[in-house]
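Notes follow the structure.
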Amino acid sequence: MNRHLRFVLGDQLTRGVSSLADLDPARDIVLMVEVEAEARYVPHHKQKIAFLLAAMRHFAKALRAEGIRVDYVRLNEAGNTQSFTGELARAVARHAPASVIVTEPGEWRVREMMADWAETLPVPVHIREDDRFFCSHAEFAALGRARKTGRMEFFYREMRRRTGLLMRGDAPEGGQWNFDPENRRSLPRGLRVPSRRRFTPDALTREVIDLVAARFGGHFGDLEPFGWAVTRADALRALDHFIEDTLPGFGDYQDAMKAGEDFLFHSLISPYLNCGLLTAREVCARAEEAFRSGAAPINAVEGFIRQILGWREFVRGLYWAEMPGYAGSNHLGATGDLPAMYWTGDTPMRCMAECIGATRRHAYAHHIQRLMVTGNFALLAGVAPAQIEQWYLAVYADAFEWVELPNVHGMVMHADGGRLGSKPYAASGAYIDRMSDYCKGCAFDPKIKRGPGACPFNYLYWNFLIENETVLSANPRLAMPYRTLARMPAAQRTEIVADATAFLAGLP
Ligand code: FAD
Ligand code: DLZ
Ligand code: SF4
């Protein structure tokens, strides 16, 4: 009998994933394994582990309800070798399949494991492309060779043309490709922020929460309250809720931040997209439908679709095109240690405390918090790229290396020398003050530039430009600040460097 073993990883929880495409329920076996190595290769946030294991268990339950035979290895099961390779080898011995069928993974390190399986297992291993993305590896490579599409904005336009999303014939809907300038409003006083739908854990999820508490209690982050959806049905409810209540305000306030408001108008769907409970195609289709029915304005829908069809696809393409070398570059030569506050949240800098606090509470922070607060600080403080990358990979429920690495290594740290973004997103306290209310309750003042009481982002920003002058001053997009720096009296430069050095040296 030609029985195939179909190995489904924790971020492949999609019924239509390529490894299950031609599954024969009468013959084939689906393998899913909970293994400690995947929870510990970086010390994942407790909620992230609970989310993935609970989603895996519910996915297996749904497959079984369809009559599919699932061999599911639980974390605490006797004999569990606690690694993908060990568990796959045991399963092959148990079932003696004709072949192993698996969808390519989301991380290079697992891709390398898969290459080993093909060499060491006594049966053929078929690694299938992950077709849940709009853009295949081959298409991305071809687009990269085409004029201009090496940058996100042009890639995105081409993807709009290819998919027809938000298109009117050959032209972009609304007459513009990009409504980004309309997505930068600060929150008006008194604006009602929609409350968010969270999901009460059922018995299966409670079991996982208890398991995580017992086994990974020392990992970063609060385990409870746990409100993530862990089934496709609930993830669809979360999507409905976003489209109906939140999407209309998404565009205007995409870049805003507010103390005590951890979600604002963001969708909170990245964990579902990345583990497979939702697909990018259905999410974009729902958003487009909201525009066409008049339920959401173009700046909201275009802004949202751009994040998924543009950024998400672009970083994924870039990751696979550039790995494994991508992770090793360090264009700015940054070597600093990650300050302890990233794990403790203990800092008088209110913006940092707010963003790290949200991360600890939810295994989530929204984009601008990740980019312009915790990311900006790591860039300005000269943290070694690998250290800050590990942090981002560990603390967010949506973090898998294919999406985390380009965002952190490229967008935030500029460690790739501009492969992802043409300049680092370095910013002083004035930006955070404009886009948030964090500065009001802070021990520092964004209007003070140097000396005691000055916002650390202010002198760290200029110190960053000074330290990286030889590498960055020729960048045309940084011409303005470098002109200001050139006019700066030498004594002022010295003071800035002294303030920055003393501040960084004083960090625990
Ligand atoms: P929304 O703001 O509602 O956006 C909608 C969707 O667009 C997201 O769900 C996501 O799928 C996609 N998206 C938005 N921005 C990006 C982007 N820059 N790259 C890829 N997809 C994007 N996203 C991850 O999914 N995993 C990560 O590990 C991750 N790490 C990041 C690290 C840093 C330093 C930065 C700056 C960004 C990172 N992002 C990451 C991108 C983005 O911050 C998250 O996708 C977003 O905050 C998820 O929340 P949301 O679903 O509410 O997003
Ligand atoms: C993140 C994660 C965790 C914590 N645990 C598991 C697990 O026990 N079993 C599993 O199949 N996947 C897990 N994952 C997700 C994997 O790390 C992910 O599939 C790989 O990184 C490939 O992208
Ligand atoms: Fe952050 Fe500076 Fe504002 Fe304080 S003053 S919240 S450190 S930007």
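The values are calculated or read from the model by the stated rules, or taken from the named source; none is laboratory data. Because the structure is a prediction, the values reported are computed rather than measured. Here Cβ is always computed from backbone atoms with ideal geometry, including for glycine, and neighbour counts include all displayed protein chains. Remember, those area values only see protein heavy atoms, side chains included, never the ligands or the DNA or RNA. Shrake-Rupley method; radii C 1.70, N 1.55, O 1.52, S 1.80 Å.
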Name the residues in the range 425-442 that are within 16 Å of ligand 1 (Cβ to nearest atom) and part of a helix (DSSP H, G or I), would you? TYR431, ILE432, MET435
GLY418 at positive phi, under 31 Å from the mean Cα position of the chain (by Cα) and in the same structural domain as ARG370 (by TED's automatic domain parsing): yes
Members of the range 41-50 that are of a type outside the set (Ser, Thr, Tyr) and near ligand 2 (Cβ under 8 Å from one of its atoms): HIS44, LYS48, ILE49
So which residues in the range 327-341 are free of Cβ contacts under 8 Å to residues at least 60 places away in the same chain and hydrophobic (A, V, I, L, M, F, W, C)? LEU338
Might you check whether a residue that is in contact (Cβ under 8 Å) with a residue 40 or more places away in the chain and within 16 Å of ligand 3 (Cβ to nearest atom) occurs anywhere in the range 290-309? no
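For the range 195-217, enumerate the residues that are exposed (fewer than 13 other Cβ atoms within 10 Å of the Cβ), in a loop (DSSP other than H, G, I, E, B) and free of Cβ contacts under 8 Å to residues at least 60 places away in the same chain. Give the derivation first.
Filtering the range 195-217 for residues exposed (fewer than 13 other Cβ atoms within 10 Å of the Cβ) gives 195, 200, 203, 210, 214, 217.
Subsequent filtering for residues that are in a loop (DSSP other than H, G, I, E, B) retains 195, 200, 217.
SER195, THR200 - these are the residues of the range 195-217 that are exposed (fewer than 13 other Cβ atoms within 10 Å of the Cβ), in a loop (DSSP other than H, G, I, E, B) and free of Cβ contacts under 8 Å to residues at least 60 places away in the same chain.
Among LEU75, LEU53, which is in contact with an Asp or Glu (Cβ under 7 Å, 6 or more places away or on another chain), in a loop (DSSP other than H, G, I, E, B) and within 11 Å of ligand 2 (Cβ to nearest atom)? Working first, answer last.
Values: LEU53 fails: in a loop (DSSP other than H, G, I, E, B).
The conditions single out LEU75.
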From GLY345, GLY417, GLY333, GLY328, residue being more than 16 Å from ligand 3 (Cβ to nearest atom), surrounded by fewer than 24 Cβ atoms within 10 Å (Cβ to Cβ) and farther than 22 Å from ASN463 by Cβ: GLY328
What is the residue count in the range 378-416 for residues that are in a loop (DSSP other than H, G, I, E, B), more than 7 Å from ligand 1 (Cβ to nearest atom) and over 16 Å from GLU322 (Cβ atoms)? 4
Selection over the range 338-377 where residues are hydrophobic (A, V, I, L, M, F, W, C), farther than 17 Å from GLN47 by Cα and not in a helix (DSSP H, G or I) yields a count of 3
Looking at GLU495, is it more than 16 Å from ligand 2 (Cβ to nearest atom), farther than 22 Å from HIS414 by Cβ and in contact (Cβ under 8 Å) with a residue 40 or more places away in the chain? yes
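So that you can scan it fast, the table gives a plain yes or no per residue for (1) of a type outside the set (S, T, N, Q); (2) in contact with a helix residue (DSSP H, G or I) (Cβ under 9 Å, 6 or more places away or on another chain); (3) on the phi < 0 side of the Ramachandran plot:
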position: GLY16; (1), (2), (3): yes, no, yes
position: LEU20; (1), (2), (3): yes, yes, yes
position: LYS48; (1), (2), (3): yes, yes, yes
position: ALA96; (1), (2), (3): yes, no, no
Just need a number here: residues in the range 358-376 that are within 13 Å of ligand 3 (Cβ to nearest atom) and within 17 Å of ALA394 (Cβ to Cβ). 2
Do any residues in the range 263-289 that are free of Cβ contacts under 8 Å to residues at least 40 places away in the same chain have Cβ atoms under 7 Å from those of residues that are open to solvent by 10 Å² or more (accessible area, probe 1.4 Å) and not in a helix (DSSP H, G or I), where the two are at least six apart or on different chains, and which pairs are they? none
Which of the numbered conditions does ALA280 fail, given that it passes all the others? Conditions: (1) at pLDDT 95 or above; (2) open to solvent by 30 Å² or more (accessible area, probe 1.4 Å); (3) of a type outside the set (Ser, Thr, Tyr). (2)
Could you say which residue among VAL30, VAL42, VAL8 is open to solvent by less than 10 Å² (accessible area, probe 1.4 Å), closer than 11 Å to GLY276 by Cβ and in the same structural domain as PRO105 (by TED's automatic domain parsing)? VAL8
With the requirement that a residue be among the small types (Gly, Ala, Ser) and in contact (Cβ under 8 Å) with a residue 60 or more places away in the chain, what does the range 426-471 give you? SER436, GLY441, ALA443
Would it be correct to say that ILE448 is near ligand 3 (Cβ under 9 Å from one of its atoms), within 21 Å of MET349 (Cβ to Cβ) and crowded, with 21+ Cβ neighbours inside 10 Å? no
Out of all the residues in the range 423-436, which are open to solvent by 20 Å² or more (accessible area, probe 1.4 Å) and either among the β-branched types (Val, Ile, Thr) or near ligand 3 (Cβ under 9 Å from one of its atoms) (or both)? SER428, ALA430, TYR431, ASP433
Of the criteria (1) under 19 Å from MET372 (Cβ atoms); (2) in contact with a Pro (Cβ under 7 Å, 6 or more places away or on another chain); (3) among the hydrophobic types (A, V, I, L, M, F, W, C), which one ALA394 fails: (1)
Of the residues GLY175, GLY169, GLY106, GLY164, only one is open to solvent by less than 20 Å² (accessible area, probe 1.4 Å) and either under 28 Å from PHE7 (Cβ atoms) or without any contact (Cβ under 8 Å) to a residue 60 or more places away in the chain (or both); which? GLY106
